[in-house]
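The values are calculated or read from the model by the stated rules, or taken from the named source; none is laboratory data. The model shown is predicted, which means the values in this text are computed figures rather than measured ones. Cβ sites come from the backbone with ideal geometry, for glycine too, and all protein chains shown count toward neighbours. The protein model used for the area step is the full one, side chains on, heavy atoms only, and it has no ligands, DNA or RNA in it. Shrake-Rupley method; radii C 1.70, N 1.55, O 1.52, S 1.80 Å.
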Amino acid sequence: MGWSMDKVAYLKRFNAYPVEECYLQDLARLQSLHMQNVPFENLDVIREVPIYLNLENIYEKIVTQKRGGYCYEINGLFHWLLQELGFDAQLISATVQKPDGTWSKADTHAAILVNLDVPYLVDAGFGDSTVSPIPLGGERHTDHSGTYSINQVDENFYDLVRENDGKERTLYRFSLEEKQLADFHEGCVFNQVSKDSPFTHDDLVTKATPEGRVTLSDHQLTRTQNGKKERTDLSPDEKTKVLEEEFGIALKN
């Protein structure tokens, strides 16, 4: 018998339980818990440890080694779990808009679409973003990180928009075309090796908390609670301790 992924072990990894029904509140709880317990992180990229779009490798990293990952790993594995739990879920691609308004390399972000009464965008692998499913009907949703809505651009594309302090910003643009994990091979390579990738410069580890978010960027820890940010500079030893205590990550030397 071949090796298989254990969905119960995966659920335990982020303190969740199997769902009895595929309702919106179940989906929302799974996404929120996932984002609080499985960090978005690029530590392998910085250390030049290759990342392959292979679900068994990703499961081994996230579930067995209790690591996080970047969008292909986190949303790739979470998409598998949602399907296993009975949700009508599909992978989709998105193009990220940079803070300066220019667009990143096209279709290099992986997200998830879940069809309930209406389609919902579910993204557990975008770092500092919403912890809840966002409907494609234009309704707004507010959490600690801002107010979110999805605007239809034309018959093919939609924008995920965040509003903070009265200012709106598009985070990324996506289409509803279903993708396979292998379709992100080029983006996965680009984001591991290109100097134009946002993930090849400094360590980045971030996860949601019940009151906000905690983020390690290079040697600085930023804790956001109820909209207030507190930053701390870390020594190398303190950084190692923060990785273990805040994020549960013990890197092998």
Using DSSP loop states and a limit of at most 13 other Cβ atoms within 10 Å to flag GluC sites (Glu not before Pro), what is the longest stretch of the chain containing no flagged site? 49-138
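Which of the chymotrypsin sites (Phe, Trp or Tyr not before Pro) found in the stretch 1-59 are loop residues per DSSP with 15 or fewer other Cβ atoms within 10 Å of their Cβ?
Details: sites: Trp3, Tyr10, Phe14, Tyr23, Phe40, Tyr52, Tyr59; in loops: Trp3, Phe14, Tyr23, Tyr52.
Of the chymotrypsin sites (Phe, Trp or Tyr not before Pro), the ones in loops of the stretch 1-59 whose Cβ has at most 15 other Cβ atoms within 10 Å are Trp3, Tyr23, Tyr52.
How big is the dipole moment of the chain about its Cα centre under a simple scheme where the beta carbon of each Lys and Arg is +1, that of each Asp and Glu is -1, and everything else is neutral? Debye, nearest 20, please. Walk me through the numbers before you get to the answer.
Details: 26 positive and 41 negative charges, 123 e Å.
The dipole magnitude comes to about 600 debye.
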Tell me the accessible surface of Arg213 in square angstrom (1.4 angstrom probe, heavy atoms of protein chains only), to the nearest ten. 20 Å²
Per DSSP, loop trypsin sites (Lys or Arg not before Pro) in the stretch 34-83 with at most 13 further Cβ within 10 Å: Arg47
Per-residue ellipticity at 222 nm attributable to helices in the chain (runs of n ≥ 4 DSSP H, -39500 (n - 2.57) apiece, nearest 500 deg cm²/dmol) works out to -7500 deg cm²/dmol
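Over the chain, with every protein chain in place, what whole percent of the accessible area is carbon and sulfur at 1.4 Å, could you tell me? List each step's numbers first, then the result.
Details: 5910 of 12840 Å².
Taking all protein chains in place, the chain shows 46 percent carbon and sulfur surface.
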Using the Karplus equation 6.51 cos²θ - 1.76 cosθ + 1.60 (θ = phi - 60°), what ³J(HN,Hα) coupling, rounded to whole Hz, does each residue of the stretch 16-22 give in order, writing x for Gly and Pro? 10, 10, x, 8, 7, 10, 9
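Considering only protein heavy atoms, what per residue accessible area in square angstrom results for the chain with a 1.4 angstrom probe?
Details: 12840 Å² over 253 residues.
Each residue of the chain exposes 51 Å² on average to a 1.4 Å probe.
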Sorted by chain and number, the residues with a modelled amide H under 5 Å from that of Arg67, at a separation of 5 or more or across chains, are Ile62
